[in-house]
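Following: one structure in structure tokens, then a few remarks.
The values are calculated or read from the model by the stated rules, or taken from the named source; none is laboratory data. On a predicted model such as this, the values are computed, not experimentally measured, just so you know. Ideal geometry is used to build each Cβ from the backbone, glycine not excepted, and the neighbour counts take in all protein chains shown. Surface accessibility is based on the protein's heavy atoms, side chains included, excluding ligands, DNA and RNA. Shrake-Rupley method; radii C 1.70, N 1.55, O 1.52, S 1.80 Å.
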Amino acid sequence: MIKLKINGQEHSWDGDPNLSLLWFLRDEAGLTGTKYGCGVALCGACTVIVDKEAARACITSVSDVVGREVTTIEGLHATGDHPVQKAWRQLNVPQCGFCQVGQIMQAAALLMENPKPSHDQIREAMSGNLCRCGCYQRIENAIHLASMGV
Amino acid sequence: MNILANPRKLRGFEQFVRPIKVEKVSRRSMLKALGIAGGFVLAAPVMSRPAFAAYQTGADKMPHGTVVDPRVFVAIAPDGIVTIVAHRAEMGTGVRTSLPLIVAEEMDADWSRVRVQQAHGDEVKYGNQDTDGSRSTRHYLLPMRQIGASARTMLEQAAAKRWGVPVTEVKAVNHEVLHDASGRRIGFGDLAADAGKEQVPAIDSLKLKDPKNFRYLGKGEIGIVDLHDITTGKAGYGADVRLPGMKYAVIARPPVTGGKLGSFDSADAMKVSGVEKVMEVKGWPWPSKFQPLGGVAVIARNTGAAIKGRDALKVTWDDGANGKYDSVAYRAMLEDAARKPGLVVRKEGDVDAALKSADRVIVGEYYLPHLAHVSMEPPAAVADVKGDRAEIWAPVQSPGGTREDVAKTLGIPEDNVTINMTLLGGGFGRKSKCDFALEAALLSKELNAPVKVQWTREDDVRHDFLHTVSVERIEAGLDKNGKVIAWRHRSVAPSIASTFAAGTVHQAPFELGMGLIDMPFEIANIQCENPEAAAHTRIGWFRSVSNIPRAFAVQSMVGELAHVTNRDQKEMLLELIGSPRIVDLSSVKDPWNYGEPYSSYPIDTARLRRVVELVADKGGWGRSVPKGHGLGIAVHRSFVSYIATIVEVAVDEKGKLTVPQVDTAIDCGTYVNPERIQSQIEGAAIMGLSLAKYGEITFKDGKVQQKNLDDFPLLRIDEAPLVTNVHIVPPGPDTPPSGVGEPGVPPFAPALINAIFAATGKRIRALPIGKQLET
Ligand code: FES
Ligand code: FES
């Protein structure tokens, strides 16, 4: 039996310990905010925060996060008012929205590590998160906005 | 009025209730609204949009036309909450907000007290729901205004009756009806029951709001209704649906289109922890339309186990007739075809004679490969089939078509099929095809349990309905003064129609009409030809469709002509467009014109010229740029909108390309939400740059050679244009609305290519650019 801590809550799992965290979150724990986009760490749609760092849930196994704190979009902020979420709304960032959870989690992790990232630092940190709708200009602007405190 | 929400239908939709905002309506008010709806709905006749409209669209020629009836689209609860139905698919254009916003505007409802309810797939009830072809605002601006105006009129009539005053003395203002003379006022909620008893006014008696009194339309100040849910992870997409007892399935499909399952061995797959069953899925013979390809499904307790189980399957396939499809050989075949005469689809003057007499003939031959849609959300659908009833949850662009196809596939009546429309995590035309929902339906029927079918990204790349592959060859004849006197364009590409009918070798009118036969230049001798090409894979609509290769060819050729005649690109372009006029397409048998009547939506070269001038002005055409930088321009009319783009490119010594600035001018007629127009155009620049740099699907031995986002890369944020500016042409008072979702893409790649030429002197004639600039 594996014990996991997700958004401050205990979860247990007695299935395949190599199951990826992504499918555990979505299918077993019902936390569908985290998205599947590629399964091989190429798109960032599945980004969650493990302890204080962004991680791709699709290539993280359930057993990898034992004893660590997993934060998903559902646990990022109780009322959805994390500065990044607020900035995203202020600038109307999303189009279809599918990639945005991953983008927001990545941006939140970036700001934890670097509260005032530069243009180049934002572009580098966010380059693993694809947006097929092409919201990149607004994503960058929203991160600047969040870093200034909305 | 009516309310759609039927509590039974919300099953499995627990997470969706939030985005749809129904849960904010108290249970009491919902029940009351349902009560009001009672006999009302039964009495409601389906009305078609009337002929009095200031402009005509092709809306009524779409399957099931339009329905203009407030009782179908609007519900008012006693607490004043107005629920407006969104009947089209939301895939990122903002339509789920814009169409209800139009209704709210005409009703004079307060948007903060409006909730949006997503319709099921039911075209008899709602009219056409096929969200495709950049048609939603174009076809529904007027009907939605009429629906709102009807609802407003009914509220005003009810208030006038209650006060015993003439209806001309009352007026709906901000969610209330006012009687100025007496200072009385009454809220929409208090009037709901009475208004529901009023007769629906005749459409030609309606008085639409004066646009100068609009609070919402044309302003761009209202965020999309799903904004909060998207940013908090609550927005519900296809794969987010969960039902009690639901099984998870992934499917191994034939790697060659039209191939069949040979044999399979499931022993190892069954050993994978969490795998419950392995079973065959029925496939349809090629051309298979939107029907499933067939294969072997692995059923498991979660998606991860199902994927692992599939990896462990041993399967053999019988490849069939398309097993030899090879992109290298096919390109040579297309090029060969483009160099010989083909079916003439437009002819003005005598091109052969004019080319013969020309002082110079410039030839441009352009190659554009297959593209995969790769929306960030791979296809996924949930089905719950019980006996002769089916309920589907799926991110489909055409819920009405999906309903028909599910009914046919399962052999049950359409009335027994419920299609719940989830949000789409991108569509781009891929989700116009409901094969993935049909797979879920077939599996659920067999398993007698709810099933979710998840396509992996590999499935998505390998089994897409691909954007066509084409060779576009243009010969332009110049006279001694450098004036273009002859233009022959041969376009050869497998047609989308091949997915529906065996033996298809020519493009359909809707493809020929995307930038070939509707080419707007003022040239005395024009001939367009379409040589034969047979398809060896499923071809489908991809955002902007055939406009991508046609705009690429035509606008690249403009750049080439500017160069050989030593003229400015923009001046060359304007000269070719010629005088401001309505282009005469009488020589074309079927001009198609995006399904719109030519009278309301002609090719107007004055508008084409205007976007060129506007983008040149705002985008600083002719500005001096640093060494290694270049400016390129292109214009294209598609989906009856006019769009011009200027790209500034920088190419370094190693051939690495960056895009410092993009400017786009769009004339899409009357519009609803300029902020969403801007986001669509920003996104189109990204998609255009992505396909120009990287987009290519190739085949070998009938199989797609790419598999995921490593070998079919998409543009990333660190390569995105630094600035994309969008300039919207203010509409004339009577300019009908036109498309926005797609038209932004086609001019991007040729503007980029023209810019690269300006920067480097290198002319790129085949996409993707790939390593072509590397030194
Ligand atoms: S799903 Fe994990 S990076 Fe794409
Ligand atoms: S908003 Fe659609 S993929 Fe990013």
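What to note about this one:
- Residue list for the stretch B:637-691, restricted to those being in contact with a helix residue (DSSP H, G or I) (Cβ under 8 Å, 6 or more places away or on another chain), in a loop (DSSP other than H, G, I, E, B) and surrounded by fewer than 24 Cβ atoms within 10 Å (Cβ to Cβ): B:THR670
- Being surrounded by fewer than 22 Cβ atoms within 10 Å (Cβ to Cβ) and acidic (Asp, Glu) holds for only one residue in B:GLU169, B:GLU105, and it is B:GLU169.
- The set of residues from the stretch B:514-544 being of a type in the set (Val, Ile, Thr) and open to solvent by less than 10 Å² (accessible area, probe 1.4 Å) comprises B:ILE517, B:ILE526, B:THR537, B:ILE539.
- Whenever a residue of the stretch A:56-70 is within 13 Å of another protein chain (Cβ to nearest Cβ), its partners that are part of a helix (DSSP H, G or I) and within 16 Å of ligand 2 (Cβ to nearest atom), lying with C-beta atoms within less than 9 angstrom and at least six residues away or across chains, give the pairs A:ARG56/A:GLY102.
- Scope the stretch A:78-109; condition more than 7 Å from chain B (Cβ to nearest Cβ) and more than 16 Å from ligand 1 (Cβ to nearest atom); matching residues: A:ALA78, A:THR79, A:ASP81, A:HIS82, A:PRO83, A:VAL84, A:LYS86, A:ALA87, A:GLN90, A:LEU91, A:VAL93, A:ALA108
- Any hit, the stretch A:1-13, residues being facing another protein chain (nearest Cβ under 9 Å) and either surrounded by 24 or more Cβ atoms within 10 Å (Cβ to Cβ) or in a loop (DSSP other than H, G, I, E, B) (or both): no
- B:LYS314 on the phi < 0 side of the Ramachandran plot, in contact with a His (Cβ under 9 Å, 6 or more places away or on another chain), surrounded by fewer than 16 Cβ atoms within 10 Å (Cβ to Cβ) and not acidic (Asp, Glu): no
- B:ASP464 passes every criterion in (1) away from ligand 2 (no atom under 16 Å from the Cβ); (2) in a helix (DSSP H, G or I); (3) touching a residue at least 24 places away in the same chain (Cβ under 8 Å); (4) closer than 26 Å to B:GLU511 by Cα apart from (2).
- Some residue of the stretch B:474-485 being β-branched (Val, Ile, Thr), at pLDDT 95 or above, open to solvent by 30 Å² or more (accessible area, probe 1.4 Å) and out of contact with any helix residue (DSSP H, G or I) (no Cβ under 7 Å at 6 or more places or on another chain): no
- Remark: pairs (first residue in the stretch B:362-385, away from chain A (no Cβ under 14 Å); second residue of a type in the set (Ser, Thr, Tyr) and surrounded by fewer than 24 Cβ atoms within 10 Å (Cβ to Cβ); Cβ separation under 9 Å; 6+ apart in sequence or on different chains) = B:PRO369/B:SER327; B:PRO369/B:THR698; B:HIS370/B:SER327; B:HIS370/B:THR698.
- Filtered residues of the stretch B:253-274 (kept if among the aliphatic types (A, V, I, L, M) and crowded, with 23+ Cβ neighbours inside 10 Å): B:VAL256, B:ALA269
- Hits in the stretch A:66-85 - residues which are touching a helix residue (DSSP H, G or I) at 6+ places or on another chain (Cβ under 7 Å), open to solvent by 10 Å² or more (accessible area, probe 1.4 Å) and over 17 Å from A:LEU25 (Cα atoms): A:HIS77, A:HIS82, A:PRO83
- Residue that is nearest to the chain's Cα centre (by Cα) [pool: residues in the stretch B:727-748 that are surrounded by fewer than 23 Cβ atoms within 10 Å (Cβ to Cβ) and among the β-branched types (Val, Ile, Thr)]: B:ILE728
- Qualifying residue in the stretch A:135-143 (condition: touching a residue at least 40 places away in the same chain (Cβ under 8 Å), within 15 Å of ligand 2 (Cβ to nearest atom) and either open to solvent by 30 Å² or more (accessible area, probe 1.4 Å) or of a type in the set (Phe, Trp, Tyr) (or both)): yes
- Residue match in the stretch A:112-129 (condition: open to solvent by 40 Å² or more (accessible area, probe 1.4 Å) and within 16 Å of ligand 2 (Cβ to nearest atom)): no
- Total residues in the stretch B:364-408, condition within 16 Å of ligand 2 (Cβ to nearest atom) and in contact with a helix residue (DSSP H, G or I) (Cβ under 7 Å, 6 or more places away or on another chain): 10
- Applying the condition of being open to solvent by 10 Å² or more (accessible area, probe 1.4 Å) and among the basic types (Lys, Arg) to the stretch B:546-597 and asking which residue is nearest to B:ASP479 (Cα to Cα) yields B:ARG567.
- Members of the stretch B:225-238 that are at the interface with another protein chain (Cβ under 7 Å from one of its Cβ atoms) and either more than 28 Å from A:ALA87 (Cα to Cα) or within 23 Å of the chain's Cα centre (by Cα) (or both): B:ASP226, B:LEU227, B:ILE230, B:ALA235, B:TYR237
- Qualifying residue in the stretch B:411-419 (condition: within 16 Å of ligand 2 (Cβ to nearest atom), surrounded by 24 or more Cβ atoms within 10 Å (Cβ to Cβ), in contact (Cβ under 8 Å) with a residue 24 or more places away in the chain and not charged (D, E, K, R)): no
- Answer from B:ARG430, B:ARG457 - the residue that is away from ligand 1 (no atom under 16 Å from the Cβ), within 14 Å of chain A (Cβ to nearest Cβ) and either open to solvent by less than 10 Å² (accessible area, probe 1.4 Å) or under 30 Å from B:ALA306 (Cβ atoms) (or both): B:ARG430
- Of B:PRO395, B:PRO378, all but one fail to be touching a Ser or Thr at 6+ places or on another chain (Cβ under 9 Å), within 16 Å of ligand 1 (Cβ to nearest atom), farther than 30 Å from B:HIS489 by Cα and not charged (D, E, K, R); the exception is B:PRO378.
For every residue, the table says whether it meets (1) open to solvent by 10 Å² or more (accessible area, probe 1.4 Å); (2) assigned to a strand (DSSP E or B); (3) of a type in the set (Asp, Glu).
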| position | (1), (2), (3) |
| --- | --- |
| B:VAL298 | no, yes, no |
| B:LYS340 | yes, no, no |
| B:VAL344 | yes, yes, no |
| B:GLY364 | no, yes, no |
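- Residue satisfying condition, being more than 16 Å from ligand 2 (Cβ to nearest atom) and of a type in the set (A, V, I, L, M, F, W, C), within set A:VAL66, A:VAL101, A:VAL93, A:VAL84: A:VAL66
- Note on the stretch B:125-233: enclosed helices (runs of 4 or more DSSP H) holding 2 or more residues that are over 22 Å from B:GLN680 (Cα atoms) are B:136-163, B:188-197.
- Within the stretch A:40-57, being more than 16 Å from ligand 2 (Cβ to nearest atom) and open to solvent by less than 30 Å² (accessible area, probe 1.4 Å) holds for A:VAL48, A:ILE49, A:VAL50, A:ALA55, A:ALA57.
- Check on B:GLY238, crowded, with 19+ Cβ neighbours inside 10 Å and closer than 30 Å to B:ASN322 by Cβ: yes
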